[in-house]
Amino acid sequence: MSAESTASRGVPNERRFHDWRGSRPFWGGLFTMIGGVPIAYFPYADLRLGNMTIAMATTGGAGALIIGVLLVTLGLTMWFQPIVRVFAGVAAIVLALVSIPVSNLGGFFIGFLFALVGGGLSVSWAPGVPADESAEQATEQAAAAAGEHKYDGPPLGPEGDEGVDAVEPLPVPEQRAGEEPDPQAGPGAQATETTIDANGGRNSAG
């Protein structure tokens, strides 16, 4: 038992047929096969009017049979070998045109029109993109479009990694608990440990 049959065991038959039909030029193959039937049938058909039988056989009966069988074969090829759908569609269009002088005006234009439309549908058919893949592609395109306008910071320059000279901040002197920073001292002033002796009124530096 194949993996495909095992995986599709729980899928409804309607859904399986829908998926199979969507993966190939279904309508192109169907119209091509329908077009081959009148092309091959009319040259060999008999019309009975009472006791009188009218045969529609012509000298092109063998050619009409060959064209009809080929159209049916091309329709089946579109169904079961969709990879050659373009070749099958072009061949169906050519046979439909050839059937006009060979097979009673292409089966009284019935088979000609069906085969012509079927061949055109097969040539123009293309496999669709699943919904999840199309959604992922739309998300990736939106993310790429947003990334084009994203701010990446200042441009890089020759002087530094960020376009300007890298300046290291000056060291800040440590402050002991209970001391107030001197507002008149500049940023480069050195910190001194100075205490005031209240008893003697003298300064002592330690």
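At 1.4 Å probe size, put LEU97, LEU76 in order of accessible surface, largest to smallest.
Largest accessible area first, the list is LEU97, LEU76.
Heavy atoms only, 1.4 Å probe, whole protein assembly: order PHE108, PHE114 by accessible area, highest first.
PHE108, PHE114
Mind ranking ARG15, ARG24 by accessible surface for me, highest first, 1.4 Å probe?
These residues rank, largest area first, as ARG15, ARG24.
How large is the accessible surface of SER124 in square angstrom, using a 1.4 angstrom probe and rounding to the nearest 10?
Ignoring ligands and nucleic acids, SER124 comes out at about 90 Å².
Determine the share of region 68-109's accessible area contributed by carbon and sulfur atoms, expressed in whole percent, with a 1.4 angstrom probe.
About 85 percent, which is the carbon plus sulfur part of the accessible surface.
Could you calculate the FRET efficiency of ASN51 with THR73 from 1/(1 + (r/R0)^6), where r is the beta carbon distance between them and R0 is 30 Å, rounded to 0.05?
The formula returns an efficiency of 0.20 here.
With a 1.4 Å probe and all protein chains kept in place, how much accessible area does VAL69 have, in Å² rounded to the nearest 10?
Here the residue's solvent-accessible area equals roughly 80 Å².
The values are calculated or read from the model by the stated rules, or taken from the named source; none is laboratory data. Predicted model only: the values in this text are computed from it and were never measured. All Cβ positions, glycine included, derive from the backbone under ideal geometry; neighbour counts span all protein chains shown. Remember, those area values only see protein heavy atoms, side chains included, never the ligands or the DNA or RNA. Shrake-Rupley method; radii C 1.70, N 1.55, O 1.52, S 1.80 Å.
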